[in-house]
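Here the structure is laid out as structure tokens; the discussion comes afterwards.
The values are calculated or read from the model by the stated rules, or taken from the named source; none is laboratory data. All values derive from a computational prediction rather than experimental measurement. So basically every Cβ, Gly included, is an ideal-geometry build from the backbone, and we count neighbours across all protein chains shown.
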Amino acid sequence: MRPTAKLFALALLLNTAPAPVVFALDLTKALGETIYVPAYSRIFSFPDRSELLAATLTVHNVDPQNPLSVTKVDYHGEDGKLLKSILDAPLRLEPLGSASFLVPSNDTTGGVGANFLVEWSADQGALSPLTEAVMVTGPGTPGPSFTSRGRVISRKTSE
């Protein structure tokens, strides 16, 4: 093999990225959890200028066999104080079902570091739901959009 062909083959080998390997993070079933989800009602582009954002919280029941009940959705401000309880009554999510909750862009009470606390329960145990917030600017306004994923801060198991 000519030296240039060897270099070309080596370059191809080094620039070919393998397909990403995806592992399930946790397939342990729980009877319930409390999940913290960061949310943002505004984001700064300069020290004296910020963009207003709408935040949509979505809870996805990723368990293909077991339902779960969302029992609490609370919205907290950047100071940690409860601003409002969004859910009036428990909401049943069937297997692979989802529910969404909106904090509109004109609600600036949460500040930059707002968050949601989500509680759920399941009679027979279920996989932890995928809980995310999607933040976008107001209608007709080009601007940032991004997501934040929830983090389990307490878990109830049968053990």
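Of note:
Yes/no matrix, rows are residues, columns are (1) in a loop (DSSP other than H, G, I, E, B); (2) farther than 19 Å from Leu27 by Cα; (3) of a type in the set (D, E, K, R):
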residue: Phe116; (1), (2), (3): no, yes, no
residue: Trp120; (1), (2), (3): no, no, no
residue: Asp123; (1), (2), (3): no, no, yes
residue: Glu132; (1), (2), (3): no, no, yes
residue: Gly140; (1), (2), (3): yes, yes, no
residue: Gly143; (1), (2), (3): yes, yes, no
residue: Ser148; (1), (2), (3): no, yes, no
residue: Ile153; (1), (2), (3): no, no, no
residue: Glu159; (1), (2), (3): yes, no, yes
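- Residue in segment 78-89 that is at pLDDT below 95, closer than 18 Å to Ile153 by Cα, surrounded by 11 or more Cβ atoms within 10 Å (Cβ to Cβ) and not polar (S, T, N, Q) present: yes
- Filtered by the rule that a residue be polar (S, T, N, Q) and touching a His at 6+ places or on another chain (Cβ under 9 Å), segment 94-131 gives Ser98, Asn115, Thr131.
- Per this entry, Ser41 is not counted among residues that are of a type in the set (Ser, Thr, Tyr) and surrounded by fewer than 17 Cβ atoms within 10 Å (Cβ to Cβ).
- Matching residues, segment 2-52, being in contact with a Lys or Arg (Cβ under 6 Å, 6 or more places away or on another chain) and either at pLDDT below 85 or among the aliphatic types (A, V, I, L, M) (or both): Ala30, Leu31, Ser50, Leu52
- Qualifying residue in segment 100-112 (condition: part of a strand (DSSP E or B) and either surrounded by fewer than 17 Cβ atoms within 10 Å (Cβ to Cβ) or without any contact (Cβ under 8 Å) to a residue 40 or more places away in the chain (or both)): yes
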